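Okay, structure first, notes after.
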Amino acid sequence: MAEKSVVEFVEEWQRGAFLLLGSALVGGVSAVFVGSRTGGTMGLLAFFVGSVLAFLAFSYLFYGE
């Protein structure tokens, strides 16, 4: 197994941070949008569903083939 350079290591961590923060941001926006129209429970559900879907989409864009 080849050793990674410092640049590759930092890029990998940046992608991971973007995946987590981006997914949480999309989940938060969807929760605010849905929660303001319906109720708190649906907003919470929208947060989880939006976060998971965003994570899957971002993961596919970065790592999918």
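The values are calculated or read from the model by the stated rules, or taken from the named source; none is laboratory data. None of these values were measured; they are calculated from a predicted model. Note: ideal-geometry Cβ built from the backbone for every residue, glycine included; neighbour counts use all protein chains shown. Just the protein is used for accessible areas: all its heavy atoms, side chains included, with ligands, DNA and RNA removed. Shrake-Rupley method; radii C 1.70, N 1.55, O 1.52, S 1.80 Å.
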| said: Considering only protein heavy atoms and a probe of 1.4 Å, how much of the accessible area of the chain is carbon and sulfur, as a whole percent? | reply: 74
| Semi-axes of the equivalent ellipsoid for the chain, Cα gyration tensor, largest first, Å | 32, 11, 7
| query | Under a GNM of the chain (C-alpha, springs under 10 Å), which listed residue has the highest mean-square fluctuation: G28, G50, G39? | reply | G39
| query | Short version: ³J(HN,Hα) in whole Hz for each residue of region 34-51, in order, from phi by Karplus 6.51 cos²θ - 1.76 cosθ + 1.60 (θ = phi - 60°), x for Gly and Pro, what are they? | reply | 6, x, 6, 8, 10, x, x, 5, 5, x, 5, 5, 5, 4, 5, 5, x, 5
| remark: trypsin sites (Lys or Arg not before Pro) in the chain lying in a DSSP loop, each with at most 15 other Cβ atoms within 10 Å of its Cβ, come to K4
